[in-house]
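See structure below.
The values are calculated or read from the model by the stated rules, or taken from the named source; none is laboratory data. Keep in mind that this is a model prediction, so the values were computed, not measured. Note that we place each Cβ from the backbone using ideal geometry, even for glycine, and neighbour counts take in every protein chain shown.
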């Protein structure tokens, strides 16, 4: 962040992703959807709950 504030970073050096955190119901997904729509970018959403529900292959 200090390099960005000093304008020492270029757009090419930035990773095009974001991780939004916070309690349920504060608008993380709505914000992300609006931002992606504005920038014409795809939106990929997930959650820890979705990861926990996913089937994990057996190692046996």
- [ ] Please go through region 8-21 and pick out each residue that is exposed (fewer than 10 other Cβ atoms within 10 Å of the Cβ) and more than 14 Å from residue 45 (Cα to Cα).
- [x] 8, 10, 11, 12, 13, 14, 15, 16
- [ ] Could you grab the pairs with beta carbons closer than 7 Å, sequence gap of 6+ or different chains, first residue in region 9-34 and closer than 17 Å to residue 49 by Cβ, second one at pLDDT 85 or above and loosely packed, with under 10 Cβ neighbours inside 10 Å?
- [x] 28/22
